[in-house]
Structures are given as structure tokens and as C-alpha cells.
Amino acid sequence: MKEHINITILKDACEQFGYTCKQISKGVNEYFDAFVVSKPHSKKSFVASVWQQYPTQSAWHIAIMKYKDMTKHYLDKGGFTTISGKFFSAEEKPIDPSEIDSYVQENFGYPCIIKPNDKSLSKGVELISGKREVVDYLHRNTSLYPNILVQEYIQKDEYRLFIYQGEIRFAYKYQTGLNMKADTIDHFMDSDFPEELKTWAKRLYQYVNAPIIGADVFVANDFSEIQAVELNHNPFLKVVYEKFNKKDLALGIWKDVLEDYFC
């Protein structure tokens, strides 16, 4: 079974900076393999996997950033601009597509976005053009994603920010606001960030108080308007390490994380 690139990056960082990373369990696939990271002569250690890499994230940080309805509510309370949307759940009773259709028609119209409330990597995210597609989405996905978010479709540049301790370490733009595959990513930045983005990232860090934040944002062409799409408690370094070949940047981030944890 091929090792996931996130684990490869972690292992490389551990080897380069004097830590150990040993596998302690094997999952059904590489996403669920578990590793313990330790430092010689230290009593501390942590368990890492692809889905939970960083030891500095608390349960509160994870919850705030994992569940998209909670993220929106929390950011709205903090005065951040977010995307119009509504949470629907099939946990207690089936979702009525007519309710979704009415909500969309009354608030922003089609097309709209439907996405799972707690997934990442664009899993289950679809552009919906009318009520028939709402019905079809629910038919295909309710058993997989019983909790969904229906959002306004925004046509602006979308950026992913990797924020560490309030500072942007890198950012890149998606060529589309929907299909977030690696081959749709361009305009990479690891310095000279627009002041508006830097100020927004610092404010977000001070409000959320999480050491690591992956933030997806829509921005106007001049960066004068920044609209939060969603947050990620476990942002991957794969794009930086592989697509842009910024290995030193990825390893440097892990160096800081490890030093902060084991200090």
C-alpha cells in the first residue's frame, strides 16, 4: 500500500529535525494508518494520521472548523463576511427538496451549491441548477451525507490560505470555485501577500485562536472584499510539496509545529 504524501512529509521533517516517527497501527488504507511522533529525551509524544496531523489543534478548534454550519455561525458572530446558506439535516426525518427549493428561490436563486456539512477535499460538493437536481442530489447522497449545507454560488477568485500563528505561510488560487483538484490550482504565493489578506488572517487567528488554520476565501480582484467560504483544521501540505515543489516550505512549517509542541 502506498504511503500518503502527508505522512511522507511528516517523516521527512522528523528525520531532518531530530524527531522519530514510527507506525503504530495499519488502517484499511493509507488514510487511516497511525504514527507516533516523539523526541529523544522528551516525555511528550503525539499520534498522527492523514486526517489528524497536527498536535497543536484542540477539540474546540477541530469542531469549529470541521462542521461548516458551526463555522459560519461562529464567523458571523465575529463580524466576518460569510456566504449565504442554510443547514439541512436528515438525521431525524428526510429532507424535503421543496424546502431547499423554496429557500434557494427566496434568498439567492439558482445555481446554488450543496455540500456535506463535515467533509473536505470537495467531497460531495455539487453545483445545482434547479429543483430536479436537488431531488437527484438528495437521492444519491443522503445516506452518505445526512447533514448538508445549501449555499449561494459565488463567482469570484477563491484562495486557500495556510495560516500559522496568525501569519500566512502560503496561499494559492483555485482556477474555479468548485472543482478543487490539484490541476485547477495556480497563482501560488509564499511571500509579499496583499496587506488586506494579511490583516484578515491576523484577525481570524485572534478570533478563532487556533494555531493552524486552512482558510478558503472568495476575494474581489483588488482584495478589498474577503468572504469566508470555510475553514479547515487539518490543511494538507501536499500541494506545496508536490505541485509547487516547495519542499523546504512544507518542512519548515512542520519544524515550527514540532518545536512549538515539544518546547
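Looking at region 6-119, the helices (runs of 4 or more DSSP H) lying wholly inside it that each contain 2 or more residues that are in contact with a Leu (Cβ under 6 Å, 6 or more places away or on another chain) sit at 68-77.
Can you confirm whether Ser38 is free of Cβ contacts under 8 Å to residues at least 12 places away in the same chain and either among the aliphatic types (A, V, I, L, M) or not assigned by TED's automatic domain parsing to the domain that holds Ile113 (or both)? No: the conditions fail for Ser38. Could you tell me which residue of region 47-69 is nearest to Val229 (Cα to Cα), considering only residues that are surrounded by fewer than 16 Cβ atoms within 10 Å (Cβ to Cβ), within 13 Å of the chain's Cα centre (by Cα) and touching a residue at least 12 places away in the same chain (Cβ under 8 Å)? Here the residue is Ile62.
Might you check whether a residue that is over 21 Å from Ile7 (Cα atoms), among the basic types (Lys, Arg) and not assigned by TED's automatic domain parsing to the domain that holds Val217 occurs anywhere in region 41-57?
Yes, because at least one residue in region 41-57 is over 21 Å from Ile7 (Cα atoms), among the basic types (Lys, Arg) and not assigned by TED's automatic domain parsing to the domain that holds Val217.
The values are calculated or read from the model by the stated rules, or taken from the named source; none is laboratory data. None of these values were measured; they are calculated from a predicted model. Using ideal geometry, Cβ is built from the backbone for each residue, glycine included, and neighbour counts are taken over all protein chains shown.
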